[in-house]
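Asker: This is the structure I want to talk about, given as structure tokens.
The values are calculated or read from the model by the stated rules, or taken from the named source; none is laboratory data. Quick caveat: nothing in here was measured; it's all calculated off a predicted structure. When we count neighbours, we look across all protein chains shown, and the Cβ atoms used for this are built from the backbone with ideal geometry, even at glycine. Accessible surface is based on the protein model in full, side chains and every heavy atom, while ligands, DNA and RNA are left aside. Shrake-Rupley method; radii C 1.70, N 1.55, O 1.52, S 1.80 Å.
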Amino acid sequence: MKRILLLGYGHVGKTFREFLSRWSSELDAQIAGVVTRRGIMLGDNPDFRKDIEGGINEALGKVKPDVLVDTSSANYKDGEPSISAYYRCFESG
């Protein structure tokens, strides 16, 4: 089963989670964690609950996802934290 890390948990993130919960067995995927400005939630839960402090780099190291799904708000100034997350994912394969 593919492990998914969600970056952002607003309306789009919650809708994606709902979609995946309905189709997880067919897609062979599950949410392994969620990272927001508030911290990191390990596992899957409809209501965000912070399990550990940290940002995207800590979440990538802790969750070790197969897939990163970025549902965070766009940052048109410098693209962060999305750009750093993408580079880290590319580096790790």
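Asker: How many angstrom lie between the Cα centre of segment 9-36 and the Cα centre of segment 49-68?
Answerer: Each part reduced to its Cα centre gives a spacing of 15 Å.
Asker: Over segment 43-93, with every protein chain in place, what whole percent of the accessible area is carbon and sulfur at 1.4 Å, could you tell me?
Answerer: Numbers: 1780 of 3570 Å².
Heavy-atom surface of segment 43-93 belonging to carbon and sulfur, 1.4 Å probe: 50 percent.
Asker: Something else about it: Averaging the inverse of every distinct alpha carbon separation and then flipping it gives the Kirkwood radius. What is it for the chain, in angstrom units?
Answerer: Computed over the chain, the radius equals 13.2 Å.
Asker: Follow-up. Check the straight Cα-Cα distances from Lys50 and name the lysines below 20 Å, setting aside those fewer than 8 residues away within the same chain.
Answerer: Leaving aside lysines fewer than 8 places away in the same chain, those within reach of Lys50 are Lys14, Lys62, Lys64.
Asker: Output ³J(HN,Hα) for segment 54-65: one whole-Hz value per residue in order, computed from phi by the Karplus curve 6.51 cos²θ - 1.76 cosθ + 1.60 with θ = phi - 60°, and x for Gly and Pro.
Answerer: Whole-Hz 3J(HN,Hα) from phi for segment 54-65: x, x, 5, 5, 5, 5, 4, x, 7, 7, 6, x.
Asker: Could you give each residue of segment 32-43 its phi-based ³J(HN,Hα) in whole Hz, using Karplus coefficients 6.51, -1.76, 1.60 with θ = phi - 60°, and x for Gly or Pro?
Answerer: Result, rounded to whole Hz: 9, x, 9, 10, 9, 5, 7, x, 10, 9, 8, x.
Asker: Check which residues have an amide H placed less than 5 Å from Gly54's amide H, if you skip close sequence neighbours.
Answerer: It is Ile40, by chain and number.
Asker: Would you mind telling me the antiparallel percentage of the DSSP bridges in the chain, rounded to 5? Write out the running numbers ahead of the final one.
Answerer: Values: 5 of 15 bridges.
Just about 35 percent of them are antiparallel.
Asker: I'd like to check one number: the per residue accessible area of segment 1-46, probe 1.4 Å, reported in Å² as a whole number. Working shown, then result.
Answerer: Working: 2660 Å² over 46 residues.
Computed with neighbouring chains in place, this is 58 Å² per residue.
Asker: Restricting attention to segment 45-93, which GluC sites (Glu not before Pro) occupy a DSSP loop and are surrounded by at most 15 other Cβ atoms within 10 Å? Can you show the working numbers first?
Answerer: Numbers: sites: Glu53, Glu58, Glu91; in loops: Glu53.
Filter output for segment 45-93: Glu53.
Asker: Something else now. Whole-Hz ³J(HN,Hα) for each residue in segment 79-93, computed from phi via Karplus 6.51 cos²θ - 1.76 cosθ + 1.60 with θ = phi - 60°, x for glycine and proline: what do you get?
Answerer: Using θ = phi - 60°, the values come out as x, 7, x, 4, 4, 4, 5, 4, 4, 5, 5, 4, 5, 8, x Hz.
Asker: Ile52: accessible area at probe 1.4 Å, nearest 10 Å²?
Answerer: The accessible area comes out at roughly 50 Å².
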